[in-house]
Amino acid sequence: QVQLVESGGGVVQAGGSLRLSCAASGSIFSINVMGWYRQAPGKLRALVAGIHSGGTINYADSVKGRFTISRDNAKNTVYLQMVNLKAEDTAVYYCHYSDWGFDYWGQGTQVTVSS
């Protein structure tokens, strides 16, 4: 089992910044993928950004150039730095961890961008 604890959500004005953190604990494999998904009201949960333990990164097209994902493997923590936030970034953001076919999710943290 893997537990994920997120922090850093909140309310920010359009153009502002937020940083999300997610700490993983439990049965962590050295080879894994961690990332962030988001779900806005009435929409499906969708990938925002993901990062492999080896360093490979991918982003959703809508956040490229504005969001930066990073990780600290020693702390089993993944970060999402978000700048130039837009109203359409408003959603619940979920941390995700996967390894060898197993998937785990955090409880979600609300990000609200006011225009």
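The values are calculated or read from the model by the stated rules, or taken from the named source; none is laboratory data. As the structure is a computational prediction, the values presented were derived from the model and not from experiment. So basically every Cβ, Gly included, is an ideal-geometry build from the backbone, and we count neighbours across all protein chains shown. What goes into the accessible areas is simple: the full protein's heavy atoms, side chains included, and nothing from ligands, DNA or RNA. Shrake-Rupley method; radii C 1.70, N 1.55, O 1.52, S 1.80 Å.
Observations on the structure shown:
- Being at pLDDT below 95, in a loop (DSSP other than H, G, I, E, B) and open to solvent by 50 Å² or more (accessible area, probe 1.4 Å) is a property that holds for G54.
- Checked against the criteria, D72 counts as acidic (D, E) and under 23 Å from V2 (Cβ atoms).
- Residue, surrounded by the most Cβ atoms within 10 Å (Cβ to Cβ), within the stretch 10-27, restricted to residues that are touching a residue at least 60 places away in the same chain (Cβ under 8 Å) and under 29 Å from G101 (Cβ atoms): C22
- Residues in the stretch 93-113 that are crowded, with 19+ Cβ neighbours inside 10 Å and either more than 11 Å from the chain's Cα centre (by Cα) or closer than 21 Å to S17 by Cα (or both): Y93, Y94, C95, T109, V111, V113.
- Residues that are outside any strand (DSSP E or B) and either under 14 Å from G35 (Cβ atoms) or free of Cβ contacts under 8 Å to residues at least 12 places away in the same chain (or both), drawn from the stretch 74-107: A74, N76, G101, G106
- For the stretch 88-110, the set of residues classified as farther than 17 Å from F67 by Cβ and of a type in the set (D, E, K, R) consists of D99, D103, listed by residue number.
- Lone unmet requirement of (1) of a type in the set (A, V, I, L, M); (2) closer than 23 Å to V12 by Cα; (3) loosely packed, with under 15 Cβ neighbours inside 10 Å for M82: (3)
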